[in-house]
1. I'd like the full set of residues that are touching a residue at least 40 places away in the same chain (Cβ under 8 Å) and either touching a Ser or Thr at 6+ places or on another chain (Cβ under 6 Å) or of a type in the set (Phe, Trp, Tyr) (or both), limited to the stretch 122-141.
2. Here are some residues: GLU63, GLU102. Which one is in contact with a helix residue (DSSP H, G or I) (Cβ under 6 Å, 6 or more places away or on another chain), modelled with pLDDT under 95 and among the acidic types (Asp, Glu)?
3. Among the numbered criteria (1) polar (S, T, N, Q); (2) modelled with pLDDT of 95 or more; (3) closer than 30 Å to VAL112 by Cβ, which one does SER44 miss?
4. Considering only residues that are over 18 Å from SER123 (Cβ atoms) and either over 21 Å from the mean Cα position of the chain (by Cα) or among the hydroxyl-bearing types (Ser, Thr, Tyr) (or both), look in the stretch 134-154 and name the one that is surrounded by the fewest Cβ atoms within 10 Å (Cβ to Cβ).
5. Could you tell me how many of the residues in the stretch 116-130 are farther than 22 Å from LYS65 by Cβ and exposed (fewer than 14 other Cβ atoms within 10 Å of the Cβ)?
6. Examine the stretch 47-55 for a residue that is of a type outside the set (Val, Ile, Thr), at pLDDT 90 or above and in contact with a Phe, Trp or Tyr (Cβ under 7 Å, 6 or more places away or on another chain), and state whether such a residue exists.
7. Of all residues in the stretch 2-41 being modelled with pLDDT under 95 and among the aromatic types (Phe, Trp, Tyr), which is farthest from GLY131 (Cα to Cα)?
8. Within the stretch 71-91, take every residue that is small (Gly, Ala, Ser) and under 22 Å from TYR61 (Cβ atoms) and give me the one that is modelled with the lowest pLDDT.
Amino acid sequence: MQPQKTILKILKGYSSERSNLLPVIKEINYQVGFFSLEAVFLVSKHFGLSASQVFEVASFYDEIKVKKPCLVEVGICDSLNCVNKATEKIIQSLESFFHIKEGDDINKKLKVKRISCQGRCLSGPIMIVNGHVYEKVTPGFAVEIVKDYLGIKI
């Protein structure tokens, strides 16, 4: 289904009560894959809010993507426990192998970023790839995991 049709279908299922704003944003994010500018305007019209008010709510939550996501999104836990165990080395190994910089999503294939504590401190360092959690990650294992997601057989 086209994104606009999906968004309109979702909006039909909700009244314009303000308490429905976040559930609508989350559902659009889940079904479309991100919360687009088109979604901002359609939702703002439905709720009688300004586009900036809707965008402010959507962009507040890390789980809601306000840009089309990359093919592979990697989050490395940046809590003290994970940092002590190898966060920096993991990020450096990914940057070096894939010729990217942390936070960049220029090629739309891979993005590596730091994420907040995932509450798995005994199993750190933690890496989340496209929603899948990996524990006790080493720099080499991180590269292998991401290669699998990208379909690289080297």
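The values are calculated or read from the model by the stated rules, or taken from the named source; none is laboratory data. Remember, predicted model here, so these are calculated numbers, not experimental data. Every residue, glycine among them, receives a Cβ derived from its backbone with ideal geometry; neighbour counts consider all protein chains shown.
1. Keep residues of the stretch 122-141 that are touching a residue at least 40 places away in the same chain (Cβ under 8 Å), which gives 124-130, 137-140.
Passing the criteria: PRO125, PRO139.
2. Numbers: GLU63 fails: in contact with a helix residue (DSSP H, G or I) (Cβ under 6 Å, 6 or more places away or on another chain).
Unique residue meeting the criteria: GLU102.
3. If we test SER44 against (1) polar (S, T, N, Q); (2) modelled with pLDDT of 95 or more; (3) closer than 30 Å to VAL112 by Cβ, just (3) comes out false.
4. Applying the filter and picking the extreme gives ILE154.
5. Within the stretch 116-130, the first condition is being farther than 22 Å from LYS65 by Cβ, and the residues that meet it are 120-125.
Now restrict to residues that are exposed (fewer than 14 other Cβ atoms within 10 Å of the Cβ): 122.
Number of matching residues: 1.
6. Within the stretch 47-55, the first condition is being of a type outside the set (Val, Ile, Thr), and the residues that meet it are 47-53, 55.
Now restrict to residues that are at pLDDT 90 or above: 47-53, 55.
Okay, now just the ones that are also in contact with a Phe, Trp or Tyr (Cβ under 7 Å, 6 or more places away or on another chain), so 51.
Checking the stretch 47-55: at least one residue is of a type outside the set (Val, Ile, Thr), at pLDDT 90 or above and in contact with a Phe, Trp or Tyr (Cβ under 7 Å, 6 or more places away or on another chain).
7. Per the criteria, the residue is PHE35.
8. Taking the stretch 71-91 and keeping what is small (Gly, Ala, Ser), we get 75, 79, 86.
Okay, now just the ones that are also under 22 Å from TYR61 (Cβ atoms), so 75, 79.
Numbers: GLY75: 94, SER79: 89.
Looking at residues that are small (Gly, Ala, Ser) and under 22 Å from TYR61 (Cβ atoms), I get SER79.
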